[in-house]
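For reference, the structure is listed below as structure tokens.
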Amino acid sequence: MTTDPTGDNDGRTAQEVRDYLLTHLNDALRRPGMYGGEMALRLYLDAVAFMDASEQAWQQELKDLRTRRGFAPTGVSGAFQDLWGDTHEGAVASVYAEIAHRQGWLRLDRTLTSAEHDEIRRVSETWCRKDRLLSDVVTAFGPPSVLFGSNNPNYPKTLAYATDRRDDTLLCFHLWNSFVPSPSSSSVSVHAEPVLWAFRDGGTLFTDGFTFTPEGSACRRAS
């Protein structure tokens, strides 16, 4: 493409390019499987960081993630595989979304108040002592700030709750479901709706941030 030295051209402005990249980053975080998975998320984050001249901050985030053992040789997917034998894309995306939130790149569908955020943190340990379903999470805490994974109610997903404060942790509920062949040509889900495996809230090490439900603990032992 040639550049008009007078400035009279049809090129995009810096703000238009930034908005474009942020829109695609946020779409990819919500539906990573449609965009190429974990590698695509990292490429979008690379591009947004370059646009914002934040490459150093982004690389430091990755370094910190490795130090916290949330990034295995096979990436964040590997860390979840080691944790509970499953690499659901929504759970993986939520880890990158934490970084995006701290850098001001995550667009929230719903913003919690500090009081709402604190209440989820306060009750989470007790609340996870029983097995919970997707509908239980939404009933208790309302619609999520971001949903990572399919909108299909039967599919596994991660629900995240956040304030507009970058320093506030992204509170994540990881819900699992799977499908088995049925006598017909279709398949049926293992659970009527996704079941909660764990609640995640920061943590010095990656594994420190998880509070497991009985179902989640059982799956960890079986993996």
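Which of (1) over 28 Å from Ala53 (Cα atoms); (2) modelled with pLDDT of 95 or more does Ile99 not meet, given it meets every other one?
It is condition (1) that Ile99 fails.
Which ones in the range 201-223 are of a type in the set (S, T, N, Q) and within 17 Å of Glu125 (Cβ to Cβ)?
Thr204, Thr207, Thr211, Thr213, Ser217
For the range 125-135, how many residues are surrounded by 13 or more Cβ atoms within 10 Å (Cβ to Cβ) and either modelled with pLDDT under 95 or under 21 Å from Leu29 (Cα atoms) (or both)?
Number of matching residues: 1.
Kindly establish whether Ala91 is among the aliphatic types (A, V, I, L, M), touching a residue at least 40 places away in the same chain (Cβ under 8 Å) and in contact with a Pro (Cβ under 9 Å, 6 or more places away or on another chain).
Here the answer is yes, as Ala91 does meet what is asked.
Inspect the range 56-67 for any residue being at pLDDT 95 or above, hydroxyl-bearing (Ser, Thr, Tyr) and closer than 26 Å to Asp201 by Cβ and give the result as yes or no.
yes
Counting only residues that are at pLDDT below 95, hydrophobic (A, V, I, L, M, F, W, C) and surrounded by 13 or more Cβ atoms within 10 Å (Cβ to Cβ), how many does the range 207-223 have?
2
Is there a residue being closer than 14 Å to Phe199 by Cα, modelled with pLDDT under 95, within 18 Å of the chain's Cα centre (by Cα) and not hydroxyl-bearing (Ser, Thr, Tyr) anywhere in the range 136-144?
Among the residues of the range 136-144, not one is closer than 14 Å to Phe199 by Cα, modelled with pLDDT under 95, within 18 Å of the chain's Cα centre (by Cα) and not hydroxyl-bearing (Ser, Thr, Tyr), which makes the answer no.
Please go through (1) in contact with a helix residue (DSSP H, G or I) (Cβ under 6 Å, 6 or more places away or on another chain); (2) touching a residue at least 24 places away in the same chain (Cβ under 8 Å); (3) not basic (Lys, Arg) for Val137 and return the number of the only condition it doesn't satisfy.
Val137 satisfies every listed condition except (1).
Just the residues that are of a type in the set (Ser, Thr, Tyr), under 15 Å from Val76 (Cα atoms) and assigned to a loop (DSSP other than H, G, I, E, B), please, taken from the range 191-210.
Matches in the range 191-210: none.
The values are calculated or read from the model by the stated rules, or taken from the named source; none is laboratory data. Please read these numbers as outputs of a predicted model, since none were measured by experiment. Neighbour counts are summed over all protein chains in view; Cβ atoms, including those assigned to glycine, are modelled from backbone coordinates with ideal geometry.
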